[in-house]
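Asks: Have a look at this one.
The values are calculated or read from the model by the stated rules, or taken from the named source; none is laboratory data. Just so you know, these numbers come straight off a predicted model, no measurement behind them. Here Cβ is always computed from backbone atoms with ideal geometry, including for glycine, and neighbour counts include all displayed protein chains.
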Amino acid sequence: MITIAIANQKGGVGKTTTAINIATAMAATGWKTLLIDLDPQGNASTGMGIGSEDREYSSYDLLVDEAELCTCISPTNIPGLDIVPATVDLSGAEVELVSVEDRTARLSSALAVHSGHDICFIDCPPSLGLLTLNALGAADTLMVPLQCEFFALEGLSQLLKTVEQVQQRFNPDLGIVGVVLTMFDRRNRLTDQVADDVREVLGNLVFEAVIPRNVRLSEAPSHGLPALVYDHSCAGSRAYIALARELIGRLPEKRKAA
Ligand SMILES: Nc1ncnc2c1ncn2[C@@H]1O[C@H](COP(=O)(O)OP(=O)(O)O)[C@@H](O)[C@H]1O
Ligand SMILES: [Mg+2]
C-alpha cells in the first residue's frame, strides 16, 4: 500500500476536499483505496456520509488505544473506498500521546499490517502537531494543497522545514509527490500571480492539474457525497479526475500494478 499524507498547517486550503475527491477518483479507477480522517473535526468522515453513529471505531482508537486497523475501517457508499473516520476524541490525542515514547510512530505501526488496500490517503488537521507528525511518519509521500493567496509560499516553507525534520528523525524516505493549487480563480489577478510565482519557485513539484474555485465542490459535503458523485461533470470533479491521473503517473512503477 502506498500512503499519501495530505497536509498543510493552514486551515481552509482544500485538504479535506482534496482527500475526499482524490480518494474517490482513485477508487473509481479501480484502486482499493483507504481514506484516514486524522482531523478531530471529522470533515472527511461527514463529507463521505459517515454519520456519528457509524464511528464506533475511529482514528483515535488506532492512535491512542492501538486498535487493529481492520477494526477501525468502515466501508463507504463508494465501491472500493473504505474509511477510518474521526471523532472529536481525537482532539485529546495530542495531549494523551505526549508522554508516550513512540508517539510519532503510532499511525505508522497501525498501517504496517496488510489491509488489502492499494493506496491510502491521510487527511491531516490544520496544524503541525502530533497528529500531522504521525501522518508524516506513516506516509511514503506528501501531497500539499496550496491555496493561491498572498502568504501561500510562506506557509509552505514552514511545512517543508517540518518535512526535513521528519526525514532526519524518523521517516528518511518521506517524499513529496506534489503541490496542488486549489480554489483557483482565473478572473482574480492575484491568484493568477500567486500561481505563477509558486510554479516559478517549485517548478515540476506543482501538479499541472489546478483545482478551480467551484461551488459544487463546496456543496457536495452537505449531501454526504464526494463532488465526483454529487456532480461528476462539474469543473471541480473534472479537475480532481485530472489530478488523480497525474498522481498515478507520479507513483513508483511497481505500485501502478493495480
Ligand atoms: N475548489 C474549491 N472551490 C470552492 N470551495 C472549496 C474548494 N475547495 C474547498 N472548498 C471549500 O472551502 C472550505 C475549506 O475547504 P477544506 O477542504 O475543508 O479545507 P481544509 O481541509 O484544508 O481545512 C470548505 O467549505 C470547502 O467546501
Ligand atoms: Mg480539513
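Asks: Read through the list (1) away from ligand 2 (no atom under 13 Å from the Cβ); (2) modelled with pLDDT of 95 or more; (3) among the hydroxyl-bearing types (Ser, Thr, Tyr), then give the number of the only condition that Ser45 fails.
Replies: (1)
Yes or no, residue by residue, for (1) within 16 Å of ligand 2 (Cβ to nearest atom); (2) among the polar types (S, T, N, Q):
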site	(1), (2)
Thr3	no, yes
Gln9	yes, yes
Ile20	yes, no
Lys32	no, no
Asp37	yes, no
Tyr57	no, no
Cys72	no, no
Ala86	yes, no
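Asks: Which one of the conditions (1) buried (at least 20 other Cβ atoms within 10 Å of the Cβ); (2) within 16 Å of ligand 1 (Cβ to nearest atom); (3) of a type outside the set (Gly, Ala, Ser) does Tyr60 fail to meet, given that it meets all the rest?
Replies: Result: Tyr60 passes all but (2).
Asks: Given the criteria at pLDDT 95 or above, at positive phi, out of contact with any Leu (no Cβ under 7 Å at 6 or more places or on another chain) and away from ligand 2 (no atom under 16 Å from the Cβ), does Gly92 qualify?
Replies: Answer is no for this residue.
Asks: Moving on. Go through (1) surrounded by fewer than 23 Cβ atoms within 10 Å (Cβ to Cβ); (2) within 16 Å of ligand 1 (Cβ to nearest atom); (3) over 28 Å from Gln167 (Cβ atoms) one by one and return the number of the condition Pro85 breaks.
Replies: (1)
Asks: For segment 28-43, which residues satisfy the criterion of being within 16 Å of ligand 1 (Cβ to nearest atom) and not in a loop (DSSP other than H, G, I, E, B)?
Replies: Selection gives Leu35, Ile36, Asp37, Asn43.
Asks: Within segment 200-216, identify whether any single residue is surrounded by fewer than 15 Cβ atoms within 10 Å (Cβ to Cβ), in contact (Cβ under 8 Å) with a residue 40 or more places away in the chain and over 30 Å from Ser45 (Cβ atoms), and answer yes or no.
Replies: Scanning segment 200-216 turns up at least one residue that is surrounded by fewer than 15 Cβ atoms within 10 Å (Cβ to Cβ), in contact (Cβ under 8 Å) with a residue 40 or more places away in the chain and over 30 Å from Ser45 (Cβ atoms).
Asks: Okay, moving on. Go through segment 217-240 and report how many residues are out of contact with any Pro (no Cβ under 7 Å at 6 or more places or on another chain), part of a helix (DSSP H, G or I) and more than 18 Å from Ala44 (Cα to Cα).
Replies: Step one: of segment 217-240, the residues out of contact with any Pro (no Cβ under 7 Å at 6 or more places or on another chain) are 217-219, 221-234, 237-238, 240.
Still in the running and part of a helix (DSSP H, G or I): 217-219, 221-223, 227-230, 237-238, 240.
Within this subset, residues satisfying the condition of being more than 18 Å from Ala44 (Cα to Cα) are 238.
Residues meeting the conditions: 1.
Asks: Of everything in segment 98-113, what is basic (Lys, Arg) and more than 18 Å from the chain's Cα centre (by Cα)? Give them in sequence order. Before the answer, list the steps.
Replies: From segment 98-113, those basic (Lys, Arg) are 103, 106; that's our starting set.
Scanning segment 98-113 gives a single hit, Arg103.
Asks: Still on this structure, please answer the following. Out of (1) under 18 Å from Val13 (Cβ atoms); (2) within 17 Å of the chain's Cα centre (by Cα); (3) of a type outside the set (A, V, I, L, M), the odd one out for Thr141 is which?
Replies: Just one mismatch for Thr141, condition (1).
Asks: Which helices (runs of 4 or more DSSP H) does segment 82-161 wholly contain that include 2 or more residues that are touching a Cys at 6+ places or on another chain (Cβ under 6 Å)?
Replies: Numbers: elements: 90-97, 106-110, 130-138.
Those helices (runs of 4 or more DSSP H) span 130-138.
Asks: Take Asn8 and decide whether it is within 14 Å of ligand 1 (Cβ to nearest atom) and at pLDDT 95 or above.
Replies: So Asn8 fits the description; yes.
Asks: Being more than 16 Å from ligand 1 (Cβ to nearest atom), over 18 Å from Ser45 (Cα atoms) and surrounded by fewer than 17 Cβ atoms within 10 Å (Cβ to Cβ), is that true of even one residue in segment 131-150?
Replies: Looking for residues that are more than 16 Å from ligand 1 (Cβ to nearest atom), over 18 Å from Ser45 (Cα atoms) and surrounded by fewer than 17 Cβ atoms within 10 Å (Cβ to Cβ), one finds at least one in segment 131-150, hence yes.
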